[in-house]
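Structure first, commentary second.
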Amino acid sequence: MNHTIVLVKPALLKSLQNLQSVSTVVVLRRKVRFLRNRILRTSVSRKSPIRKNQFLISKQFLSGELEQIQQSRTIERAGYYLSRLQKSLTSVKTAAINDLNLRRWKEYDEVLTDSLWILKKRDSSGGHSAWYWGNFIPQIPRQLMLRYTKKGEWILDPFAGSGTTLLECIRLGRNGLGIELSPSVAKRAQSALHSIPPHANSTVEIDVGDSTKMDFSKPLKRRGTDSAQLVILHPPYHDIIRFSKRRTDLSNAGSTRHFLELLGKVVDNSLKVLDRGRFLALVIGDKYNKREWIPLGFLAMNEVMKRDCILKSIVVKNFDQTTGKRKQGALWRYRALAGGFYVFKHEYIFIFQKK
Ligand SMILES: C[S@@+](CC[C@H](N)C(=O)[O-])C[C@H]1O[C@@H](n2cnc3c(N)ncnc32)[C@H](O)[C@@H]1O
């Protein structure tokens, strides 16, 4: 919520109720203009704690709603907008899969709904230090959790790496279980999780293990739950980065086909613990091999589509280039012009819903 202000709820509701009894558009406009100006003058910052009869609201949202009432041509139309605003202040409407209040959907500026994500800057707050080569930016799990989970639900991340998903779980009050093949990476991720203040109601942990073979219900049960409500998969993009020398590491798969087989096993294991109707997100990019573009993203997407889920969205996200590649920008441009290809600038987030 941007530019939130603190208002006294009963007073605002009373003002709105009084507006309902106005019988001419001219008078209504004057009264709404007066109320709107008063709200616009309300200070944005708040220092003291919110009292019982007070509440937080986006100044932009409230001002916009009042402006719409003010601009209505008929008293009936104005009454409709007024009732809608009253409802948004007195009742909550949420979908079964998240905490977004649909009565106040205009306030969620942060939540993305388009399929093209241009995320400019990595969020480096809240314990994220980007020490791990091959991590994703925190905004990815954050967006997914805001859309597909409620507070207190469980997120499973079978390729946990540095624990980016898990840190976001803490910040958003969700529970998270991460599985990571490399013990040293898991250990460092665990200490990052302890570096930020815990959330009172969330359990967030990382286990060492091979996600191609793991029965995720066991570690989940140990934490007191039978299932997860969101799965976030961020596997190696095959062998673009070799994460370890371990045979079971997906980045060491001998061929694209073998990589997809291993990924399929992780998807199977994940779907076993994912609740029906809930979501699985796969974050992956393509690769280049012997002067040929390998559409790893779409191949991986097909692998998931063979399972019991439907494809809900394909998100294309701008790719955060490594510093090395950025420095070699001119060289890559030359190579692209000479070699007849385009330089990678995007990756995918495939979003599936379990049937
Ligand atoms: C792309 S990285 C994930 C990065 C993570 N999202 C982050 O922000 O740090 C993929 C991770 O999968 C791990 N991995 C590879 N094969 C695995 C397997 N079979 N089971 C569990 N983890 C595996 C790698 O060690 C690596 O840390």
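The values are calculated or read from the model by the stated rules, or taken from the named source; none is laboratory data. Model, not experiment: these values are computed from the prediction. Reconstructed Cβ throughout: ideal geometry from the backbone, glycine too, with neighbour counts over all protein chains shown.
Looking only at the range 158-188, which residues are near the ligand (Cβ under 7 Å from one of its atoms) and either closer than 24 Å to residue 146 by Cα or aliphatic (A, V, I, L, M) (or both)?
Result: 158, 159, 160, 161, 162, 163, 164, 165, 179, 180, 181, 185.
Which one is farthest from residue 165 (Cα to Cα), of the residues in the range 189-200 that are within 16 Å of the ligand (Cβ to nearest atom) and not polar (S, T, N, Q)?
Within the range 189-200, the match that is farthest from residue 165 (Cα to Cα) is 196.
Residue under question is residue 31, and the condition is that it be assigned to a helix (DSSP H, G or I), outside the structural domain of residue 276 (by TED's automatic domain parsing), in contact with a helix residue (DSSP H, G or I) (Cβ under 7 Å, 6 or more places away or on another chain) and over 30 Å from residue 229 (Cα atoms); does it hold?
Answer is yes for this residue.
Can you tell me which of 121, 87, 93 is modelled with pLDDT under 90 and of a type in the set (Lys, Arg)?
Matching residue, one of 121, 87, 93: 121.
Given the structure, is residue 140 more than 11 Å from the ligand (Cβ to nearest atom) and β-branched (Val, Ile, Thr)?
Spelling it out, it is not the case that residue 140 is more than 11 Å from the ligand (Cβ to nearest atom) and β-branched (Val, Ile, Thr).
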